Amino acid sequence: MRAVLYARYSSDNQRYESISGQFHCSEEYCRRRGYDIVHYYYDEAKSGTTVAGREQFNQMIEDASRGIFDVIVFYQIDRTARNEMDYYASVNKLLKLGVRYEYSAEGIDVSTPNGKLTEGVKVAVAAFYSRDLSIKIKRGKKENLLQKKHNGGISPLGYDIAPDGTYVINEYEAIAVKKIFSMKIEGAGYGKIVDWLKANGYKTKRGGDYSKGAIHDILRNRKYIGVLELGKSTKHNSRKKADNYMEFEDALPAIIEKKDFLTVEKIMARRRNGATNAKEIYALSGRIFCECGAAMSGTRIGARGNKYIYYACSNQKNKHGNCDVSMVRKDKIEYVVYLAIVDYIKAHKQSIIAEFLNQSENREEKVRADELRQKIGVQKNKAKNLLALYDGTDDMVLNAYKEAKKTLDMMEAELIELNKNDYSAINQDILEAFIDSFITEVGVSDAFLKKFFDSLDVKVIVNNKNAEIQLNLSVLPFVVALKGIEPLISP
């Protein structure tokens, strides 16, 4: 079995030894199973909340399509992704390519029904911890803004960061900022502004050329009128303020006059042709399929002066084949599937919890941690004895000490990683409360349903009588009748 290993550490507070420790654990795992390791992939200081920007991870997924390995061994689930959508999107790609994925420190078999359910719970728990960490980070950012300080990252064009963390104007770059706004007011497009910057030798903070998108962001940046923002926008709509939005005026020296900024804002608003209607959210998009094998996609149809929204077989819409499966009402099928899943989880809650606790109690990482504690004691004595032997002249002894110390550091780093992700504090009551909160019906919106279905990697297969629902693509499908979901009009 040809295997590749993937490791990641997610912040600059961790060290390279963290990756070495993950690899060491996965190497031991492969050795016990007789796997041949053909490649190593790792990303340094990359976030787990999304796979975007993780170059080695994305390269590994691309390499999977070339058939050069059979299995990917991750250290544990949160090394894959802490965002449910990214997690299941990635593992489903691997499964379609015939590539297995395993975890050296988790002790779960994702090819079994119980393993799949345990995987789902662990993915949800990892996402919970990630979001909790995000809240703490935002709290720190708010404190920085109250002190009128930079919140990390690269400072915008026109500003430098003083030693105390506050913003100061970079006079040379400020000339370019003023020129960008004045050209926009005079009617110049993004292309002409980019050309002016290039002709006058202006580069980004990273040393590259400015893009049209970068000019758009500069023109919308309220820092240039002295305003710092927190929770500036939602992730998918840069013009819609987030619920936790806050702003602090006169928090940094202004480069652009407020009247000029507002003028540019109006120009850009006109270019967007006014407000647009919000797009319909299809909670089962990419997850609902016709029994003929084709995906079902959202469609709007008018009947008796009203508009109705359905999922319809794409083969029928494109007039391919002879499929006769009727359309289903979007709102009804989504809600029926949601209720069926909630009932299913409630009915199997105790077995899910028991499996999770059993896996946590018997997982390989506990065995590995006990093994490491013993080896660390031996390795410390070895390093100590070699250091005592060194008289300042024998390079062979010195090199042996350095190698022993390096191995000790790797072992200790791995043990820290294992202890950091210890599930021993998660008991029956905590898991019950977590699952109850996950399946409690409170304001079931389209956005909630989409997140719910994505978290469980739901798949629905529809025929003219019922819908088969699969959780985590396991072998535990169950069926719900489609009574009351038939279309108001024929397709």
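Can we say GLU247 is modelled with pLDDT of 90 or more and open to solvent by 60 Å² or more (accessible area, probe 1.4 Å)? Against the criterion (modelled with pLDDT of 90 or more and open to solvent by 60 Å² or more (accessible area, probe 1.4 Å)), GLU247 does not qualify. Look at region 64-78: where a residue is open to solvent by 10 Å² or more (accessible area, probe 1.4 Å) and of a type in the set (S, T, N, Q) and a partner is assigned to a loop (DSSP other than H, G, I, E, B) and modelled with pLDDT of 85 or more, sitting 6+ places away or on another chain with Cβ atoms under 7 Å, you get SER65/LEU97.
Assigned to a helix (DSSP H, G or I), of a type in the set (Val, Ile, Thr), at pLDDT 90 or above and in contact with a Lys or Arg (Cβ under 7 Å, 6 or more places away or on another chain) - does that describe any residue in region 250-272?
Yes, there is a match, as at least one residue in region 250-272 is assigned to a helix (DSSP H, G or I), of a type in the set (Val, Ile, Thr), at pLDDT 90 or above and in contact with a Lys or Arg (Cβ under 7 Å, 6 or more places away or on another chain).
Quick one: how many residues across region 95-124 are hydrophobic (A, V, I, L, M, F, W, C), in contact with a helix residue (DSSP H, G or I) (Cβ under 9 Å, 6 or more places away or on another chain) and surrounded by fewer than 18 Cβ atoms within 10 Å (Cβ to Cβ)? Give the derivation first.
From region 95-124, those hydrophobic (A, V, I, L, M, F, W, C) are 95, 97, 99, 105, 108, 110, 117, 121, 123-124; that's our starting set.
Now drop any that are not in contact with a helix residue (DSSP H, G or I) (Cβ under 9 Å, 6 or more places away or on another chain), which leaves 97, 99, 105, 108, 110, 117, 121, 123-124.
Those still in the list that are surrounded by fewer than 18 Cβ atoms within 10 Å (Cβ to Cβ) too: 97, 124.
Final tally of qualifying residues: 2.
Selection over region 209-230 of residues that are hydrophobic (A, V, I, L, M, F, W, C), open to solvent by 10 Å² or more (accessible area, probe 1.4 Å) and more than 18 Å from THR263 (Cβ to Cβ) gives a count of 2. Checked against the criteria, ILE301 does not count as assigned to a strand (DSSP E or B) and under 31 Å from the mean Cα position of the chain (by Cα).
Tallying residues that are part of a loop (DSSP other than H, G, I, E, B) and among the aliphatic types (A, V, I, L, M) within region 102-121 yields 3. Could you tell me which residue of region 77-101 is modelled with the lowest pLDDT, considering only residues that are in contact with a strand residue (DSSP E or B) (Cβ under 8 Å, 6 or more places away or on another chain) and in a loop (DSSP other than H, G, I, E, B)? The selected residue is THR80.
Take region 382-396 and flag every residue that is under 20 Å from MET411 (Cβ atoms) and open to solvent by 90 Å² or more (accessible area, probe 1.4 Å).
To start, the set of residues in region 382-396 that are under 20 Å from MET411 (Cβ atoms) comprises 382-387.
Within region 382-396, LYS382, LYS384, ASN385, LEU387 qualify.
May I ask you to list the residues in region 150-192 that are of a type in the set (A, V, I, L, M, F, W, C), free of Cβ contacts under 8 Å to residues at least 60 places away in the same chain and open to solvent by less than 30 Å² (accessible area, probe 1.4 Å)?
Hits for region 150-192 are ALA162, ALA176, ILE180, MET183, ALA188.
Any residue at all in region 193-203 that is modelled with pLDDT of 90 or more, outside any loop (DSSP other than H, G, I, E, B), among the β-branched types (Val, Ile, Thr) and within 35 Å of the chain's Cα centre (by Cα)? Checking region 193-203: at least one residue is modelled with pLDDT of 90 or more, outside any loop (DSSP other than H, G, I, E, B), among the β-branched types (Val, Ile, Thr) and within 35 Å of the chain's Cα centre (by Cα). Applying the criterion of being part of a loop (DSSP other than H, G, I, E, B) and modelled with pLDDT of 85 or more to the residues of region 317-340, the residue that is surrounded by the fewest Cβ atoms within 10 Å (Cβ to Cβ) is ASP324. Examine region 146-154 for a residue that is modelled with pLDDT of 65 or more and within 28 Å of the chain's Cα centre (by Cα), and state whether such a residue exists. Yes, region 146-154 contains at least one residue that is modelled with pLDDT of 65 or more and within 28 Å of the chain's Cα centre (by Cα). Take the residues in region 281-310 that are under 20 Å from TYR88 (Cβ atoms) and of a type in the set (Phe, Trp, Tyr), then tell me which one is modelled with the lowest pLDDT. Here the residue is TYR282. Identify, please: which residue in region 397-417 is open to solvent by 100 Å² or more (accessible area, probe 1.4 Å) and at pLDDT 85 or above and is, among those, nearest to SER20 (Cα to Cα)? Here the residue is LYS406.
The values are calculated or read from the model by the stated rules, or taken from the named source; none is laboratory data. Remember, it's a predicted structure, so these values are computed and weren't measured experimentally. Please note: Cβ atoms are built from the backbone with ideal geometry, for glycine as well, and neighbour counts cover all protein chains shown. These area figures cover heavy atoms from the full protein model, side chains too; ligands, DNA and RNA do not enter into them. Shrake-Rupley method; radii C 1.70, N 1.55, O 1.52, S 1.80 Å.
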